[in-house]
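Working notes, beginning with the structure itself.
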Amino acid sequence: MRKDKWRIGLVGAHRGKGYGSLLAGHPRCELVACCDSSEQTLAGVQEAFRLSDAQCFLDYDAFIAAGMDAVLLATPIPVHARQTITALEAGVHVLCEVTAASTVEDCARIVDTVRRTGKTYMLAENCVFWPFVRDWKAMVGSGRLGEVIYAECEYLHPIPAMIVDPETRAPRWRAARAPLHYCSHSLGPILEITGDRIVRAMGLGQGHRILPEAPVGGIDIQVALFETEKNAIIKLLRTSVAPRHPGFHFYLIQGTKGFVESARDKTGGTGRLYVRGEMKEARVAPCSLVDESLPKEAQAGGHGTAEYVLVEEFLDALDLGRKPSIDEVRAMDMTVPGLVAHESAMNGGVWLDVPRFG
Ligand SMILES: NC(=O)c1ccc[n+]([C@@H]2O[C@H](COP(=O)([O-])OP(=O)(O)OC[C@H]3O[C@@H](n4cnc5c(N)ncnc54)[C@H](O)[C@@H]3O)[C@@H](O)[C@H]2O)c1
C-alpha cells in the first residue's frame, strides 16, 4: 500500500541517531516521534531533529500509543522482543536493529506475532546491504565458484568499555550478550550470498582471561561451526574483548571451482578471488562498502552505503505490501544459530539442532 510519506518513530537514540538522519531527510518518510529512556539522550535527539515536546517520549508504551506507521528499534537487544511485539500488536510495522532477540523463545514469539498481525517486520542487518555482498551473491548465483562447500566469517571488535563501565566497573547491557549471540553481521552476508540456512551448530569458548569481571559478554573469544541445509560448513569467529585494532569483519566463500574472500581490515578494502580455469592464482578483488552510484547522502547512516540501501528495502516492502528481504524468517536464520552455538559452548561443544521458523 503506497503512502505519500510513511510516518516513522525512532526508539533508542544512540545507534538510532544515524538512522534518524537518514529518515528525517528522506522523501518517502517523516520522522514523527522519538523515544529514549534517557532524558539527556532524548533532549539531544529532540534538538537534532527539531521535534516538539509532544513528539518525544521517555516511555515506550506512551510513544506507541501516539500512533505511527512504522518504528525503528535501536534499543539494547534484551528489549527487542518486548518492543517488537508491542509495536506489531498496535498495528505498527517494525524495522529492528540486530540481533532480533536474546533467546530462541523470544524469536519464536516475534515470528508468531508477525504472522498473527500481518504487519511487516524487517531485521536491520546492515552488513547484508554492502555492495560487495550483492556482487558475491551474483557471482555465486552464476555458478562461477562452483558449489559452495565452505564459508568463514569473523567479527573481531574489542569494545570492553561498552561491556563494563571503565569508571564504575558496573556491567552494561552488552555484559549479558555472549560473543556468539552477536552473529548476524557475520552470518547475514554468508546466508544472503549462498541462499542457505543453518541446521546444526556447535560452539566453543568459555574463557574469561581478558575482562574477568564481565559475565558472558566478556568471554575472551568464541568459535562456532555450522552445518547448512545445502551441506556446506560455516566457521564463525567472534570476540568483543580480545585486542585486535582495528576491529574488522572478514568473509570467505569457498566453492568447488574457486574462492572469494575479503580483507581483514576495517574498510572492506581489497579482497582476493580465485577461479579455476580463469586464472593461475588468486587476484585482487575489490570488496567495497560504498556503492559509488548512490548519492553522497547515502553515506549518512554510517557503514558505507549499507543503511541507506537497507532503509530503501524496508520502504519498498511497505510501499508494495511485500515481504522485505530480511523478513521474520530470515531474521531468525541470522539470529538463532548464534544463540544455539553459545548454548553449545556452555555445554562443552555438543552439536545442537537449530530450529527453523519458515
Ligand atoms: N548494525 C550495526 O552496525 C550496529 C551498531 C551498533 C549497535 N547496533 C545495535 O543497535 C542497538 C542499540 O545499540 P547502541 O550501541 O545504540 O546501545 P546503547 O546502549 O549505546 O544505546 C541504547 C539507547 O537506547 C536507550 N534505551 C535503553 N533501553 C530503552 C528502552 N527500554 N526504551 C527506550 N530507550 C531505551 C538508551 O538510553 C540509549 O540511548 C542494539 O541492538 C545493537 O546491537 C547495531
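The values are calculated or read from the model by the stated rules, or taken from the named source; none is laboratory data. Just so you know, these numbers come straight off a predicted model, no measurement behind them. All Cβ positions, glycine included, derive from the backbone under ideal geometry; neighbour counts span all protein chains shown.
Listed values, structure above:
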item	result
Every pair of residues 6+ apart whose Cβ atoms lie under 6 Å, when the first sits in the stretch 334-358 and is touching a residue at least 12 places away in the same chain (Cβ under 8 Å) while the second is part of a loop (DSSP other than H, G, I, E, B) and among the polar types (S, T, N, Q)	T335/T99
Candidate set: the stretch 151-161, residues that are touching a residue at least 40 places away in the same chain (Cβ under 8 Å) and of a type in the set (A, V, I, L, M, F, W, C); chosen: the one nearest to L187 (Cα to Cα)	C153
Single condition L31 does not satisfy, out of (1) at pLDDT 95 or above; (2) surrounded by fewer than 22 Cβ atoms within 10 Å (Cβ to Cβ); (3) more than 20 Å from L123 (Cβ to Cβ); (4) within 23 Å of the chain's Cα centre (by Cα)	(2)
Residue match in the stretch 73-85 (condition: buried (at least 18 other Cβ atoms within 10 Å of the Cβ) and touching a Gly at 6+ places or on another chain (Cβ under 6 Å))	yes
Any hit, the stretch 132-155, residues being charged (D, E, K, R) and more than 20 Å from the chain's Cα centre (by Cα)	yes
The one condition in (1) in contact (Cβ under 8 Å) with a residue 24 or more places away in the chain; (2) under 19 Å from N126 (Cβ atoms); (3) touching a Cys at 6+ places or on another chain (Cβ under 8 Å); (4) not charged (D, E, K, R) that A300 fails to fulfil	(3)
Hits in the stretch 209-230 - residues which are assigned to a loop (DSSP other than H, G, I, E, B) and touching a residue at least 40 places away in the same chain (Cβ under 8 Å)	I210, L211, E213, A214, P215, I219, I221, K230
Every residue from the stretch 182-208 that is in a loop (DSSP other than H, G, I, E, B) and more than 15 Å from the ligand (Cβ to nearest atom)	G195, D196, R197, G205, Q206, G207, H208
Test: T120 is among the hydroxyl-bearing types (S, T, Y) and free of Cβ contacts under 8 Å to residues at least 24 places away in the same chain	no
Of all residues making up the stretch 1-28, the number that are surrounded by 15 or more Cβ atoms within 10 Å (Cβ to Cβ) and farther than 19 Å from L123 by Cβ	7
Hits in the stretch 329-357 (condition: in contact with a Ser or Thr (Cβ under 8 Å, 6 or more places away or on another chain) and under 13 Å from A224 (Cα atoms))	G338, L339, V350, W351, L352
The stretch 128-150 residues that are under 13 Å from I253 (Cα atoms), paired with ones that are part of a helix (DSSP H, G or I) and of a type in the set (S, T, Y) (beta carbon under 6 Å, 6 or more apart)	V148/T194
Residue check for V311: β-branched (V, I, T) and assigned to a loop (DSSP other than H, G, I, E, B)	no
